[in-house]
């Protein structure tokens, strides 16, 4: 890796770890101090490495520097004497603060931080922003780009969430079985949304999308590494993320256009990720109990599996179960697509027209798809309606191509 | 939105003995139908099926075993749907697989206590 890429890369992977370990050592109320120390560490790295060259083990160098900076900080600030030391003393008998950057402590700290950030009192949107900032080292601008929102909006959202995080003062240290159980659902939801934010992102920026997906994967992976959080649902969610990520490269062409599933180059699918997905999916089914993550992961499994003649029947069955667990317009539309694949487009149209999703662009593009070759004029009208409602440039481009195809077909008749 | 109870009735005796494949196909039809209502965001409670034995009490002492002499049909199951009117609720019952075995659906508005 080039030196110019190395620091941003390390920032992504190590910043969150440093903040988590420091917060785990003192207290969430002082999260700003932890973030300052982490930022200063990277500042120092860019200065020193520029002169002396990159050290042999850059991550270890960062940990040592962060460690020393923390010790210096607390030596020179009365805040330690007055506040933290007391907290520490009351918690355990360690007078000397020990910032240990062992693998075990890093993982534990990150896990504790994930559970702190995924506070059910904080809105889902704000939880995702917090996770991106604190756990993944995203800047406010990067978060704003991912959400296609103004930086100011993100700043405000983060400010409110961080105040809650501090005031709530979630006991990051004593993460016990019961607390984990009570928060696990909201942790999984946040990671699921974080992943989807990347996978179905509003932005066309492919790098940001991949980053969001791989960060969600990394955090979900941490959950499977700890026996307390390695639940059947966690495995199902991780399997889902692996299967979906395996197709990331194939979903978008060089021009940034979305490629429909049927037309994807399957050789671009990442086999390693598919195998990992299979592994976690098997784990998920060993635990017993079926969640929406199980169903979605299994649907994704069928999509990555070489054609089975009953593939769409399996998928329809899973969507039927999924819609009974939780209604969402996306699930309703996907279920109807699978229904049409099994029973044909004409019956599919009847099923689709019952959905009443007149403000949803995907509703019209589904109808456009189903009417194609049955009634091309109607198909075009539906596609045009979809474009009028769409907010995604990629979606509009894809639909416009379909309309062109149908118009050319009519002209040739 | 109001809630409506859909009561599925059929004559157990008149129903043909189904092979495992036919039973699987029947399950699939029911799943498709009920998921079709859920896909419209109008399913309040999937409900349940009922086993075909039961008892009817007239008072503490007069108990008879079902199925019942007075009526040929018995209740096979129920679901709860959401709709703006009785007419809309009745429309949701269209395509119910119970019709295929000569059964019927009773649609009743729930009057909450």
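Rule-based calculations on the coordinates, nothing more; no lab input. Quick caveat: nothing in here was measured; it's all calculated off a predicted structure. Cβ coordinates were reconstructed from backbone atoms using ideal geometry, including for glycine residues, and neighbour counts include every protein chain displayed.
For this structure, a couple of remarks:
- Choice from A:187, A:54, A:140 with maximal GNM fluctuation in chain A (Cα, 10 Å cutoff): A:54
- Taken residue by residue and averaged, Cβ atoms of other chains lying within 10 Å of the Cβ of A:321-328 number 4.
- Between 0 and 90°, nearest 10: helix A:103-117 axis offset from chain A longest Cα axis: 60 degrees
- Shown is the FRET efficiency for residue B:57 and residue B:31, computed with R0 = 45 Å from the Cβ-Cβ distance and rounded to the nearest 0.05: 0.85.
- Each of residue A:397 and residue A:411 was given a label point 7 Å from its Cα along the Cα-to-Cβ line. The distance between the two points is 2.2 nm.
- Radius of gyration over Kirkwood radius for chain B, both on Cα atoms: the Rg/Rh ratio is 1.01.
- Ranked by how many other Cβ atoms sit within 10 Å of their own Cβ, fewest first, the residues A:407, A:117, B:107 fall in the order A:407, B:107, A:117.
- Distance between the pseudo-spin-label points of residue A:49 and residue A:181 (7 Å out from Cα toward the beta carbon): 4.4 nm.
- Residue A:343 paired with residue B:111, simple spin-label distance in nm, labels 7 Å along Cα-to-beta-carbon: 3.5 nm
- Fully extending the segment from residue A:72 to residue A:389, taken as 0.36 nm per residue of separation minus the present Cα-Cα distance, adds 108.4 nm.
- Here the convex hull built on the C-alpha positions of chain A has a volume of 166 cubic angstrom per residue.
- Spherically averaged projected area of the convex hull of Cα atoms, region A:242-380: 9.5 nm².
- Cα long-axis angle, helix A:361-371 against chain A (0 to 90 degrees, to the nearest 10): 30 degrees
- Counting, for every residue in B:36-48, the Cβ atoms of other protein chains within 10 Å of its Cβ and taking the mean gives 5.
- Look at the stretch A:304-317: the mean tally of other chain Cβ atoms within 10 Å of its residues' Cβ atoms is 1.
- For region A:201-244 and region A:289-303, distance of Cα centres in Å: 14 Å
- Here residue A:155 and residue A:224 are evaluated by their C-beta separation; at R0 = 41 Å the FRET efficiency comes out at 0.80.
- Folded to 0 to 90 degrees: helix A:232-246 orientation relative to chain A principal axis, Cα: 70 degrees
- Calculated [θ] (222 nm, deg cm²/dmol) that DSSP helices of n ≥ 4 give over chain A, each run adding -39,500 (n - 2.57): -23000 deg cm²/dmol
- Mean Cβ neighbour count within 10 Å, used as a protection proxy, ranking A:297-304, A:393-400 highest first: A:297-304, A:393-400
- The separation of region A:353-413 from region A:16-74, counted between C-alpha centres, amounts to 53 Å.
- Whole-Å distance, taken between Cα centres, linking region A:95-140 and region B:79-113: 50 Å
- Our compactness index for region A:328-413, the C-alpha radius of gyration over the empirical 2.2 N^0.38 Å, is 1.04.
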